[in-house]
Structure formats: structure tokens, C-alpha cells
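Before any comments, here is the structure.
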Amino acid sequence: MKQTALRLGAVVLALLISLNLSAATKPTEVLKPYLDTHTCCVVEIDLTRTKPDDVSKWIESVLTGSKVEKAAQAQKTLTSDILPKAQKTVDDLRKAGAHRVYWIASLADMRNDPFFMVIPVEGNANDEKIIKLLPQSSNEKSERVGDAIVSGPAATVERLKNLEPSDQPELTKAFETIGDAPIRAAICVTPDVRMIMQQAPIPQAKEMFDNLDWLAAAVHLPPHPTLRAIGQAQNNDAAEKAASAANELLGMAKDNPELDKFAEFKAQLEGIKPEAKGDQVVLAFDEAKVKAISEAMAPAIIAARQQANMVKSASNERQLLQGMLLYANDNGGAYPDDMDSIIKKYMDGNTDVQINPAATGDDDGYKYIKPPEGTSAGADRLVIYEDFDENAWPEEGINVGYGDGHVEHVMDKDTFEQQLKDAKEKAGQK
């Protein structure tokens, strides 16, 4: 009897400890020093339960042998590039002692970037190691503020040092209602948010936010992925209105001509329907639905990746051109003999700008044709372009930089070849 009582006491004690630990890790309690009346969104990522390697294995099982267009290409992009980089980031943060990462959005920072990151300093977390993994520049700042590492626009980090914290009961309710998951998000429909939505050009968006107090989502990751989202309305009637507005918005998205390029994904969207249940709007995807959507998204993933690479590559070319123009300004208007000569002095030694993010194999950078006319080269004078296999013109086109410093995306092969021919002739090249 005594042993039974002891066991029962141990169980009760364990439960109490568990409850206390659970309460201590409620996002709105941990983040209270960084929340104010303008806070509208919190995203929580539990690094201890976020394993990109497991996602990679699951993606491989979903896309291997899939008949969806570009499935194999999407699998390669995700499992050999995007997810390994994500795994390294998670591993590095965990080794530095970080357990959870929060992204917070505040309308007080709308003029800059509304999002900033908060990493609570817990247990054996190493401030210096965590900060070294985060952005540091003239515009981005990462430092300890209170009991956490804060990273974001410099003006935001400074604002948070003198913040007057404010309770966010709606965000607390949102997280409590959505339940536990490795990735969770909550949006509070504050008066500021409603005021912004009043100006929205889409009435359905205004209608939806007019009738909701908060939204929350929980994501469980592979090998058994699920997604659940809840919108809390003021009453049953408001939930019906919000659900109707949400479905109209989805209908508008489905009618977007751009989606015609992704037939399988568009077909999956047809089965998505938020439903009013009492005073809530609910949307839930089980494992089978997540798998079907993930497979159908393969072409869209490739398109998004190509677009991101195109934007990054164009930025690289603009930076290289700016370095060349700075060099020319110091050298009587003459362009440098090669790109390497501008990296150290004019680009802080940043060699990454010489790498085309979309390239594979040997064509990993940019080709440069020095304009002998120097800064007199015009806006139509090709100076730099993405290296590529000359026997296979990229179907998505390439970025080209010109003598006045601007960059264009050239889709037409004949146009590019004529510009290249003219540039080579002026440079005395064959």
C-alpha cells in the first residue's frame, strides 16, 4: 500500500512538473518582453522536433516515380539543396544551445520589415555562437535583449530595448486552442490589422478579417505530416461569413491564369474548403491530403526556385556592375580587366556574388566582356551575363547586365546572341 502511494505521488509530481514546464514554454509568456499592442503575428519553430532530414526522406518517397511534371527535378532541388541547407541551419542552432525560434511581426515596424526573430536563451545556450549564426550588417542586427537573442532590422532591435510590453490574450487563446506541434503560428486581428484591411482592394479579405478575432495553424512534420488551421469568429454567424469570404478568396486564387501552368496543383485546390463549425472556421489536411498536395506542387516548387534564383542572380550582377563602375571612377573611366580585381577593394571580398545560384557544373558564374569604351558604354552594351551551356539555351532565359549598370532578364535567344556579338566585336573578340 505504501509503495502504491509512493508511485502515485511520483506520478502526480511528474505531472505537476510537466504542467509547469508546459506553462513556462507558452509562447506569449516567453515572449512577453517583446510583445506590444502592435504585435499581430507569432510563428514558433521547435528545433528539437524539426528534422529536415526526415522531411527529405518523406519527399523522396512521395516524388520518386511520380508522374507529375517536374517531380524528379523538384525532388533533386529539395533533397540535395534546400533541405540539407535547412538541416545545417537547425543543427548549428541546436549545437549553440537554441531550442526554439520565434518570428514575430509588429505593425510598429511596417516602415522597415515587420518581422524580427527571437531566440530565447535557455539552459546551456551560448549567446556568442547563436549571434554568429545570425545576420549582422548595417541594416540587420543580432544581439541579446533581455533573456533572448533578437535579430532583425537595426531600428527594430533598438525599439525593442525600450519596449513597453503588453499582454496579448488573443494570441494566448490562439496557441492554446491550436494545440501542440513542432511548427505553430498565430495571428491576432488587432484594431490596427482591421484598419489596414479596410483599405484592402479585395472586399472578401476585409469581410474575413472583420469577422475573426484570431487565426492559428499547427503543422506536424513527416513522417506523418498534417496541417490544421482555425479561425476564431465573434459568433456562429460571423464564422459563416468568414468561411464564405475565405472560400471566395480561394475561388479567386483558383481562377488565376498563372495556375493554369500547374494543373495538378490547381486540381488539389478544388478540394480545399474552409468550413464554419460553431463560432470557428476550420481547415484540416490529413496525411493523405498533405501528400497529394506536396506531389502536385512539384512544378510550382521548381518555378518558385527558378524565380528566386533569377532575382538573386540579377542582384549579383547589379553588385558586380556597381563594383566595376566604382573601379572605373577611380581609373579614368576604364573598366577592370577582370571581375576578380574589384572583389577585394569594392565588394568587401564577397566572392559569393560571382556565383550564379541557378548554375550547375562548370557554368557556375558569370561571363564578362570588358567594354573598351569604358564608362561611355551605353545602356544597350552587354557587359556581363550568366554563364550557361552554349548548346542549350535556358528555357527560362538569362540575366544580362549592361554598360549603364542596369540588369535585364532576356528570354529571347536571338536577342541575346545579337547583343553578345556586338559586345565581342567592340571588345575585339571573336
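The values are calculated or read from the model by the stated rules, or taken from the named source; none is laboratory data. As the structure is a prediction and not an experimental result, all values here were calculated from the model. Neighbour counts run over all protein chains shown; Cβ positions are idealised from the backbone, glycine included.
Things to note:
- Per-region count, segment 362-385, residues over 30 Å from the mean Cα position of the chain (by Cα) and either part of a loop (DSSP other than H, G, I, E, B) or on the phi > 0 side of the Ramachandran plot (or both): 11
- Taken as a whole, the condition of being touching a helix residue (DSSP H, G or I) at 6+ places or on another chain (Cβ under 6 Å), in a loop (DSSP other than H, G, I, E, B) and either at positive phi or surrounded by 16 or more Cβ atoms within 10 Å (Cβ to Cβ) (or both) applies to Ala98.
- Out of Ala205, Ala200, Ala181, sole residue that is of a type outside the set (Ser, Thr, Tyr), outside any strand (DSSP E or B), assigned by TED's automatic domain parsing to the domain that holds Gln136 and under 21 Å from the mean Cα position of the chain (by Cα): Ala181
- Ala125 vs. criteria without any contact (Cβ under 8 Å) to a residue 60 or more places away in the chain, in the same structural domain as Asp36 (by TED's automatic domain parsing), touching a Gly at 6+ places or on another chain (Cβ under 9 Å) and more than 24 Å from Val189 (Cα to Cα): yes
- For segment 246-260, a residue qualifies if it is touching a Leu at 6+ places or on another chain (Cβ under 9 Å) and polar (S, T, N, Q), but none of them does.
- Residue match in segment 335-342 (condition: crowded, with 18+ Cβ neighbours inside 10 Å and within 30 Å of Asp210 (Cα to Cα)): no
- One residue alone among Pro257, Pro274 is in the same structural domain as Leu221 (by TED's automatic domain parsing), over 23 Å from the mean Cα position of the chain (by Cα) and surrounded by 16 or more Cβ atoms within 10 Å (Cβ to Cβ), and that residue is Pro274.
- For Lys273: the one exception among (1) out of contact with any Pro (no Cβ under 9 Å at 6 or more places or on another chain); (2) closer than 20 Å to Gln75 by Cα; (3) among the basic types (Lys, Arg): (2)
- All conditions but one from (1) among the polar types (S, T, N, Q); (2) touching a Lys or Arg at 6+ places or on another chain (Cβ under 9 Å); (3) farther than 30 Å from Asn126 by Cα apply to Gln234; the one that does not is (2).
- Just so you know, in segment 118-148 the residues that are aliphatic (A, V, I, L, M) and assigned to a loop (DSSP other than H, G, I, E, B) include one that is nearest to the chain's Cα centre (by Cα), and it is Leu134.
- Subset of segment 170-208 [of a type in the set (Val, Ile, Thr) and surrounded by fewer than 16 Cβ atoms within 10 Å (Cβ to Cβ)]: Thr177, Ile196, Ile202
- Just so you know, in segment 242-299 the residues that are acidic (Asp, Glu) and touching a strand residue (DSSP E or B) at 6+ places or on another chain (Cβ under 9 Å) include one that is nearest to Thr177 (Cα to Cα), and it is Asp279.
- Members of segment 37-61 found to be assigned to a helix (DSSP H, G or I), closer than 30 Å to Leu163 by Cβ and out of contact with any helix residue (DSSP H, G or I) (no Cβ under 8 Å at 6 or more places or on another chain), listed by number: Arg49
- Residues of segment 149-169 that turn out to be crowded, with 21+ Cβ neighbours inside 10 Å and part of a helix (DSSP H, G or I), as a count: 2
- Sole residue being at pLDDT 95 or above, assigned by TED's automatic domain parsing to the domain that holds Leu78 and buried (at least 18 other Cβ atoms within 10 Å of the Cβ), chosen from Ala217, Ala284: Ala217
- Screening Lys26 against (1) loosely packed, with under 13 Cβ neighbours inside 10 Å; (2) at pLDDT below 90 leaves a single unmet condition, (1).
- Only one entry of Gly123, Gly146 meets the criterion of being at positive phi and either at pLDDT 90 or above or surrounded by 19 or more Cβ atoms within 10 Å (Cβ to Cβ) (or both), and that entry is Gly146.
- If you go through segment 386-430 and pick out every residue that is in a helix (DSSP H, G or I) and among the small types (Gly, Ala, Ser), you end up with 1.
- Residue among Asp348, Asp337, Asp330 that is over 30 Å from Glu69 (Cβ atoms) and in contact with a helix residue (DSSP H, G or I) (Cβ under 9 Å, 6 or more places away or on another chain): Asp330
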